[in-house]
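First up is the structure itself, then whatever we jot down about it.
The values are calculated or read from the model by the stated rules, or taken from the named source; none is laboratory data. All of these numbers come straight from a predicted model, not from anything done at the bench. Cβ placement follows ideal geometry from the backbone for every residue including glycine, while neighbour counts extend to all protein chains displayed. Heads up: the accessible areas ignore ligands, DNA and RNA and are worked out on the full protein's heavy atoms, side chains in. Shrake-Rupley method; radii C 1.70, N 1.55, O 1.52, S 1.80 Å.
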Amino acid sequence: MTVHAITSEEKAVFNAVVDHPLQSYEWGEFREKTGVKVIRRGFFEGKKLISAFQLTIHPVPHTPWTIGYLPKGDMPTKEVLEELKRIGKEERCISIQLEPNVIKQSVIPAKAGIHGSPIGVGDDKLKQLGLIPAAHPLFTKYTFVLDLTKSEDELLKNMHPKGRYNIKVAGKHGVTVHEDNSEKAFTKYWELTEETTQRQKFYAHGRRYHELQWEIFPHTPQKTQLTSHLFVATYEKKILTTMLFFVFHDTLYYPYGASSGEHRNVMHSNLTMWEGIRFGKKLGLKKFDMWGAMGQNPDQNDPWYGFHTFKQRYGPDHVEFIGSYDLVMNQILYQAYKIADKLRWMLLRIKG
């Protein structure tokens, strides 16, 4: 097996062997536009690409050092870690954080597979490979996954009664939902995002971050690309909810959503989510990954609790991944970085 950097000509074959939007070639192009360094590697048997990964490099402010980040990749092998160590040395990485797209055996339902990922693999293997639990996990350890191979009647039947009721309420009030990838719809999406983050009191990326995604990701479903699709819910000629869905391989994803505090009684968000699910079914997708959830016993005072219960009402499986791990390149600097990072987040919370 040989390893080399992936070129733009290998974009399609690269996308064919990676499993998640955050590993897609398009996501890497987007991150490059934000000023982040992106490194892609492919492992070949002869001329055939067998596996690949995408890594981002993030400078540590006011130092010559960096931190690497590899989200939602495959279960790392010795060969992958050897290549990461080579990259880490070249890029002056203090550590490289890995968050494999691998489900933890203890909680996986038999029907909730994740595309291409080994199932039933514990975290002991990662520790045996020399990785340690991450100092600061970034991507959520949990998500909800809905089986889109079921009929609409089955999906409705498996929903929480409140979920079915809210969808009917929206319909009775004349709420309409459709895909709208226009610039006008995107502007409204951002306005509602700002409103939602202020109301719910959580952090969100800035407008330019979302604009770059919008400009780079295609909006027509394609088998070999990551695509994005904006759905809007309208009531009395006013857009009240916007939801952005990703499509990659056989899976629909729900990374971003925002809604107005107006007319909440007409349940515009509930119908938007349902129409997103129907959209995934029309495309023949197999799964709907809702992009994140809280743990087994969520705190009702947590700002994300409302999003958790909202997703839960659609009857998905609750899935736990094996978590976040660090490949430490420099132990002394790593310990210093952990302390500095904790102080940084304390200051951000105080300012927030």
For TYR337, which of the numbered conditions (1) open to solvent by less than 60 Å² (accessible area, probe 1.4 Å); (2) modelled with pLDDT of 90 or more fails to hold? (1)
With the structure loaded, tell me whether PHE202 is assigned to a strand (DSSP E or B) and under 27 Å from LEU138 (Cβ atoms) or whether it fails that test. no
Of residues in the range 254-298 being of a type in the set (S, T, N, Q) and under 26 Å from GLU154 (Cβ atoms), the one modelled with the lowest pLDDT: GLN296
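Go through the range 60-73 and report how many residues are in a loop (DSSP other than H, G, I, E, B) and crowded, with 22+ Cβ neighbours inside 10 Å.
Pass one, the range 60-73, residues in a loop (DSSP other than H, G, I, E, B): 60-65, 72-73.
Among the residues that remain, those that are also crowded, with 22+ Cβ neighbours inside 10 Å are: 72-73.
Adding up the residues that qualify gives 2.
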Across the range 283-325, which residue is most open to solvent (accessible area, probe 1.4 Å) among those that are out of contact with any His (no Cβ under 9 Å at 6 or more places or on another chain) and of a type in the set (Asp, Glu)? ASP299
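So that you can scan it fast, the table gives a plain yes or no per residue for (1) over 24 Å from HIS62 (Cα atoms); (2) in contact (Cβ under 8 Å) with a residue 60 or more places away in the chain:
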{"position": "HIS268", "(1), (2)": "yes, yes"}
{"position": "GLY292", "(1), (2)": "yes, yes"}
{"position": "GLN300", "(1), (2)": "yes, no"}
{"position": "ILE322", "(1), (2)": "yes, yes"}
{"position": "ASP326", "(1), (2)": "no, yes"}
{"position": "TYR337", "(1), (2)": "no, yes"}
{"position": "ASP341", "(1), (2)": "no, yes"}
{"position": "ILE350", "(1), (2)": "no, no"}
Of all residues in the range 302-320, count the ones that are touching a residue at least 40 places away in the same chain (Cβ under 8 Å), assigned to a loop (DSSP other than H, G, I, E, B) and not aromatic (Phe, Trp, Tyr). 4
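Sort through ALA5, ALA52 and tell me the only one that's over 29 Å from PHE245 (Cβ atoms), in contact with a Gly (Cβ under 8 Å, 6 or more places away or on another chain) and of a type in the set (A, V, I, L, M).
Values: ALA52 fails: over 29 Å from PHE245 (Cβ atoms).
Matching residue, one of ALA5, ALA52: ALA5.
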Give the number of residues within the range 4-48 that are touching a residue at least 40 places away in the same chain (Cβ under 8 Å), assigned to a strand (DSSP E or B) and either under 18 Å from HIS205 (Cβ atoms) or open to solvent by less than 50 Å² (accessible area, probe 1.4 Å) (or both). 4
Would you point out the residue of the range 180-198, among those that are touching a strand residue (DSSP E or B) at 6+ places or on another chain (Cβ under 7 Å) and of a type outside the set (D, E, K, R), that is modelled with the lowest pLDDT? THR196
Given the conditions (1) surrounded by fewer than 19 Cβ atoms within 10 Å (Cβ to Cβ); (2) in contact with a helix residue (DSSP H, G or I) (Cβ under 9 Å, 6 or more places away or on another chain); (3) touching a residue at least 60 places away in the same chain (Cβ under 8 Å); (4) polar (S, T, N, Q), and given that SER151 satisfies all but one, which numbered condition is not satisfied? (3)
Restricting to the range 209-253, name every residue that is among the hydroxyl-bearing types (Ser, Thr, Tyr) and open to solvent by less than 20 Å² (accessible area, probe 1.4 Å). THR227, SER228, THR241, THR242, THR251, TYR253
If you take the residues of the range 173-184 that are touching a residue at least 40 places away in the same chain (Cβ under 8 Å) and polar (S, T, N, Q), which of them is surrounded by the most Cβ atoms within 10 Å (Cβ to Cβ)? ASN181
When you scan the range 199-210, do you find a residue that is at pLDDT below 95 and over 21 Å from the mean Cα position of the chain (by Cα), even just one? yes
Can you say whether ILE350 is among the β-branched types (Val, Ile, Thr) and modelled with pLDDT of 90 or more, as far as the supplied structure shows? no
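Matching residues to (1) touching a residue at least 12 places away in the same chain (Cβ under 8 Å); (2) assigned to a loop (DSSP other than H, G, I, E, B); (3) over 24 Å from HIS58 (Cβ atoms):
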| position | (1), (2), (3) |
| --- | --- |
| ALA135 | yes, yes, no |
| LYS162 | yes, no, yes |
| TYR165 | no, no, yes |
| GLY171 | yes, no, yes |
| PHE186 | yes, no, yes |
| TYR189 | yes, no, yes |
| GLN198 | no, no, yes |
| TRP214 | yes, no, no |
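Can you tell me which residue among GLU262, GLU275 is in a helix (DSSP H, G or I), surrounded by fewer than 24 Cβ atoms within 10 Å (Cβ to Cβ) and of a type in the set (Asp, Glu)? Before you say what the answer is, go through the steps one by one.
Values: GLU262 fails: in a helix (DSSP H, G or I).
None of the other options fit; the residue is GLU275.
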Report, by residue number, each residue of the range 4-48 that is under 16 Å from the mean Cα position of the chain (by Cα) and among the β-branched types (Val, Ile, Thr). VAL18
